[in-house]
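The next block holds one structure in the form of structure tokens; read it before the comments.
Any read-out appearing in this document is the output of simple, stated calculations on the displayed coordinates, not a laboratory observation. For clarity, every value in this text was computed on a predicted model and none was experimentally measured. Here the Cβ positions follow ideal geometry from the backbone for every residue, glycine too, while neighbour counts run over all protein chains shown.
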There are 4 protein chains.
Amino acid sequence: MDGSWPLMRDHVIRWSECDLYGHVNHAAYLTIFEDMRIAHWEALTGLPISPTRPGPVVAQIEAKYHRAAGFGEKVVLGSRVVSFRRTSFIHDYAMWRDGVACCTGRAICVVTRNDTGEKVPLWPDLRAAMLAEGAVAEG
Amino acid sequence: MDGSWPLMRDHVIRWSECDLYGHVNHAAYLTIFEDMRIAHWEALTGLPISPTRPGPVVAQIEAKYHRAAGFGEKVVLGSRVVSFRRTSFIHDYAMWRDGVACCTGRAICVVTRNDTGEKVPLWPDLRAAMLAEGAVAEG
Amino acid sequence: MDGSWPLMRDHVIRWSECDLYGHVNHAAYLTIFEDMRIAHWEALTGLPISPTRPGPVVAQIEAKYHRAAGFGEKVVLGSRVVSFRRTSFIHDYAMWRDGVACCTGRAICVVTRNDTGEKVPLWPDLRAAMLAEGAVAEG
Amino acid sequence: MDGSWPLMRDHVIRWSECDLYGHVNHAAYLTIFEDMRIAHWEALTGLPISPTRPGPVVAQIEAKYHRAAGFGEKVVLGSRVVSFRRTSFIHDYAMWRDGVACCTGRAICVVTRNDTGEKVPLWPDLRAAMLAEGAVAEG
């Protein structure tokens, strides 16, 4: 739980997130992080995500599974924008139990128009909001 | 579709794999690749995956989304073991449409006893099966 | 496996379909049946399902869980149109293992324009295709 | 929102719950209701759901889709035990938006030992807790 995580949220592991092994399935973490990405984006832009507005599309994602989490466990989720460039940003995610990371993730998100697939430059207010949260401008 | 992919399979994009954007959701690829990991593991070991036998646990995964795939599209899936060490292996995945990659993935899998969480060394027959498919022994 | 099932398909239970209890999750059956509904609709109409064409929307669904199915098991899926009215039809689903039903389902599907939500009367060719498969016209 | 719903919970429709049509997928409601079933069961029994304790297994479920719900919408979820017999109970679910039902569901749940599949009679405290919430004893 090192560093600053502008968005944090409590979560209780759902039945549907667990698989035969009795733990959160590796793919379920990505859906959990997706909720954080959307909530964070809406907080940064002040607008709901919508297919009719430019939004973040995941171009690349990486997840590291540090320790298993089980059904019903109380965990904390966090996300932060690490850095951004002209049309993309790096978004970090984490899930902790008792302050210890179960899973950490990093996505490269490209801001995209859903109808045309065109990349959209981060607008000044969005860049300012990211900077205010501690993100680094790299382009 | 470069190189050799010992396991390949046809797939048609399912309704349940697509999201509001009309494309395969980024997390759905991981579940599609999970099917390949399991099928490939079963082919390599000659035994079904079971919670009562050592099996591959994903310690880390990475996915790159090259182009969107849409509902009903016919795609090809592939997986290959790139390399292995004493208790782990690197597993690559890909989905192609018309020979062009939509998504590629790479997992570090640790062979684990599900009951104790203990790492299990890859046994000689398994190493031999991986070598026979072109994987590189790195430990 | 009583009666006639115009659409039948083999299926192997996926890891992602099973939950902590080690069996197919009750909701996963609905997604499996969804694949049958879509494939069956496409066979009956001769056209792919698309958000831009009228398609079947589930207005009501019922599932009965007769016996559990487990990971890796080989099962058979079936669907049939039981009857139809002016804008709707009753669609039955089943999953069998060794000829014995694990789960049966019944949906009332309304043919709907996705953009307006308007109900669309079943067209003559569609009614004829359903009749040819043994469905009963009730309106 | 007629009648009494002992368990109610706010919910915001998640991206992962919506499909290509832009609405909550019909199967996703069952997973949402599953969360209610588990939470309600835990409240009634005072114990977490666990594969090592008798728990509710869905023997039959029915869902009616009254109106579509879309991504990001704020809804309310409710569940109530309608009635119970020796080893089973009827569990009702609903999702409302602005006080109007989007989806209602009804499950017949059988209390079952997961290891043996044996049915377990509802114990006196559990029956009392259900009665206290307004459920009707039918056996």
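Worth a mention:
- Other-copy label distances relative to C:SER4, 7 angstrom Cα-Cβ extension, nm: 5.0, 5.3, 7.1
- Fluctuation leader among B:TYR21, B:TYR29, B:TYR65 - chain B, Gaussian network, Cα springs under 10 angstrom: B:TYR21
- Theoretical ellipticity at 222 nm over the protein assembly as shown - DSSP helices of four or more residues, -39500 (n - 2.57) apiece, nearest 500: -7000 deg cm²/dmol
- With both labels modelled 7 Å from their Cα along Cα-to-Cβ, the A:ASP125 to D:ARG9 distance reads 3.4 nm.
- Inter-site label distance for A:THR52 and D:ARG53 at 7 Å from Cα along Cβ, in nm: 4.8
- For segment D:1-75 and segment C:45-62, distance of Cα centres in Å: 24
- Short-range pairs are left out: with C-alpha atoms under 8 Å and at least six residues apart, the relative contact order of segment C:7-137 is 28 percent.
- For the protein assembly as shown, the antiparallel share of DSSP beta bridges with both residues in that region comes to about 95%.
- Max mean-square fluctuation residue, GNM over chain D, Cα-Cα springs under 10 Å, options D:SER88, D:SER79, D:SER50: D:SER50
- Student exercise, the protein assembly as shown dipole from Lys, Arg, Asp, Glu Cβ charges, in Debye to nearest 20: 0
- Here segment D:7-137 is treated as a Stokes sphere of Kirkwood radius computed over C-alpha pairs; at 20 °C and 1.002 mPa s its diffusion coefficient rounds to 140 µm²/s.
- Each Cα pair under 8 Å and six or more residues apart adds its separation to the average, and for segment C:1-75 the resulting relative contact order is 54 percent.
- Which of A:ILE108, A:ILE32 has the fewest Cβ neighbours within 10 Å, and the rest in rising order: A:ILE108, A:ILE32
- Under 5 Å, built H, 5+ apart or other chain: amide partners of A:ALA59: A:ILE108, A:CYS109, A:VAL110
- Ranking A:ILE13, A:TRP41, A:GLY117 by how far each Cα lies toward the positive end of the dipole of segment A:1-136 (charges on Cβ) leaves A:GLY117 at the top.
- Neighbourhood net charge (10 Å Cβ-Cβ; Lys/Arg +1, Asp/Glu -1) for B:VAL76: +1
- Seen against the Cα atoms of chain C and their longest principal axis, helix C:26-45 is set at about 40 degrees.
- Among C:ARG127, C:ARG106, C:ARG85, the residue with the largest mean-square fluctuation in a Gaussian network model of chain C, with springs joining Cα atoms closer than 10 Å, is C:ARG85.
- Of all DSSP beta bridges confined to segment B:7-137, the antiparallel ones make up roughly 95%.
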